[in-house]
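Asker: After the structure tokens below, expect a handful of questions from me.
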Amino acid sequence: MLPSLAVFILAIVEASVVPQGLSFPSLEGCGKALPDGQSTGVVSNVTIVSGGNQRNYLISIPLSYHSKIPTPAILSYHGGVRTAEQQLLLDQLTNPEFNTLSFVIYPQGINNTWQGVPGVTTNDVQFTSDILDQVQSLYCIDPTRISVTGKSDGAGFCNTLACDPTLSSRIAAFAPVSGAYYIDTLPCMPSDVCIPCHASRKDIPLLAFHGGNDSTISYQGGERKNECLPAIPHFIQQWAVRDGLGLHNVTTPVSSNTVSYKYGKGYEFGLVEHIYDAVIGHDWPSTIPNADNQVVGHHLASFNATPIILDFFRQHPLNFFDLIKGA
Ligand SMILES: *[C@@H]1O[C@H](CO)[C@@H](O)[C@H](O)[C@H]1NC(C)=O
Ligand SMILES: *[C@@H]1O[C@H](CO)[C@@H](O)[C@H](O)[C@H]1NC(C)=O
Ligand SMILES: *[C@@H]1O[C@H](CO)[C@@H](O)[C@H](O)[C@H]1NC(C)=O
Ligand SMILES: *[C@@H]1O[C@H](CO)[C@@H](O)[C@H](O)[C@H]1NC(C)=O
């Protein structure tokens, strides 16, 4: 199925009928040959200068890629003390069993961590924006289908992006896993701490996973690294309120020990969703062994987060007006 909005915009751009002064999102990369040494179905390691630092990211080009078809892209942020390569192994988003349609980009954090973690001074919002500029100029990326996920500190950074005035309208959907959502305030009241957010739209799709037996980033929140972690239900409820969905959720079972809480009504139903597994730890939920669930005291989950994330991204592209805002 062709992403019709992007194809429509591509047609406008090609016909050069864009009114002057209107900024259209980039389809600059469409029609270009792949950079030297890169091919579909292969992961490349790319360096980029951002904020005066030499940075790098891994990029996986989907097997199905065609340079004239706008293609979705997912950015996936590794956890603290981990690397881009480890995130690629953990999230399984490049596994053809789950995904053959989307680019997957793995940014590498300076000192293996991200902006938003206490003490980190790196500008990773700028880094993300620089990566998007680069990939959108080199490949035919569908500007309505750029989404982000991440684990732990990387999930916290997904929330930083969702709350950024510019990138919240450039990125379509957000799926943090076992997120560390640090807030710089003490004393810490996890269930009613004020969560700062400067999103530029009120229809942000967010799907958050968290385990009830997470001993690193507690489900109940609390003080950590001299900052405050919100209770996960409070964090989710605040997103539901910000998106104007209200506090009511529809609770449905996902698998044993796991439920989904969905907020919103009508076409907005499920715009904010939380998947809670009562028994897993600080893990990327998976029914197959991974670097998280093989740690002593951890165990396999009863479901896979990865296909649920991919479905959520498929269901939540950016609409035309948000797209113009983020351009
Ligand atoms: C990618 O390149 C960077 C910088 O050259 C290097 O530090 C890193 O180890 C490489 N990553 C992989 C997975 O090859
Ligand atoms: C990375 O860690 C080194 C060694 O601890 C430190 O000197 C440097 O300032 C850190 N870089 C950033 C951007 O935080
Ligand atoms: C969802 O609603 C149920 C029933 O009212 C409630 O028990 C539960 O705490 C809610 N979940 C969240 C995450 O707010
Ligand atoms: C919860 O995690 C601890 C280790 O942090 C482990 O010993 C315990 O078995 C886990 N409980 C469940 C229900 O998995």
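The values are calculated or read from the model by the stated rules, or taken from the named source; none is laboratory data. Given the structure is predicted, the values throughout are model-derived calculations rather than measurements. With ideal geometry, Cβ positions are generated from the backbone for all residues, glycine too; neighbour counts draw on all protein chains shown.
Asker: Go through F127, F98 for me and flag whichever is under 24 Å from P62 (Cβ atoms) and under 15 Å from the mean Cα position of the chain (by Cα).
Answerer: Working: F98 fails: under 15 Å from the mean Cα position of the chain (by Cα).
F127 is the lone residue from the list that is under 24 Å from P62 (Cβ atoms) and under 15 Å from the mean Cα position of the chain (by Cα).
Asker: I need the full set of residues from the range 206-226 which are in contact with a helix residue (DSSP H, G or I) (Cβ under 7 Å, 6 or more places away or on another chain) and not small (G, A, S), in order please.
Answerer: L206, L207, F209, H210, Y219
Asker: Answer with yes or no whether G281 is more than 15 Å from ligand 3 (Cβ to nearest atom) and without any contact (Cβ under 8 Å) to a residue 40 or more places away in the chain.
Answerer: no
Asker: Also: If I ask for residues that are in contact with a Leu (Cβ under 6 Å, 6 or more places away or on another chain) and loosely packed, with under 15 Cβ neighbours inside 10 Å, which ones from the range 36-63 would you list?
Answerer: Those that are in contact with a Leu (Cβ under 6 Å, 6 or more places away or on another chain) and loosely packed, with under 15 Cβ neighbours inside 10 Å: T40, G41, N45.
Asker: Which of the residues belonging to the range 53-95 are within 16 Å of ligand 1 (Cβ to nearest atom) and more than 20 Å from the chain's Cα centre (by Cα)?
Answerer: Within the range 53-95, N53, Q54 qualify.
Asker: Among (1) modelled with pLDDT of 95 or more; (2) under 19 Å from I171 (Cα atoms), which single condition is T47 missing?
Answerer: Result: T47 fails condition (2) only.
Asker: Out of (1) of a type in the set (A, V, I, L, M); (2) within 15 Å of ligand 4 (Cβ to nearest atom); (3) more than 14 Å from I232 (Cβ to Cβ); (4) in contact with a Gly (Cβ under 6 Å, 6 or more places away or on another chain), what's the single condition that is false for L271?
Answerer: (2)
Asker: So which pairs qualify, if the first residue must be in the range 256-272 and in contact (Cβ under 8 Å) with a residue 40 or more places away in the chain, the second must be charged (D, E, K, R) and assigned to a loop (DSSP other than H, G, I, E, B), the Cβ gap must be under 6 Å, and the two must be at least 6 apart or on different chains?
Answerer: Close Cβ pairs (under 6 Å, with a partner that is charged (D, E, K, R) and assigned to a loop (DSSP other than H, G, I, E, B)) amount to L271/D243; V272/D243.
Residue by residue, here is whether (1) within 21 Å of T47 (Cβ to Cβ); (2) of a type in the set (S, T, Y); (3) at pLDDT below 95 holds:
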position: A73; (1), (2), (3): yes, no, no
position: G79; (1), (2), (3): no, no, no
position: Q92; (1), (2), (3): no, no, no
position: L101; (1), (2), (3): no, no, no
position: Y106; (1), (2), (3): yes, yes, no
position: N111; (1), (2), (3): yes, no, no
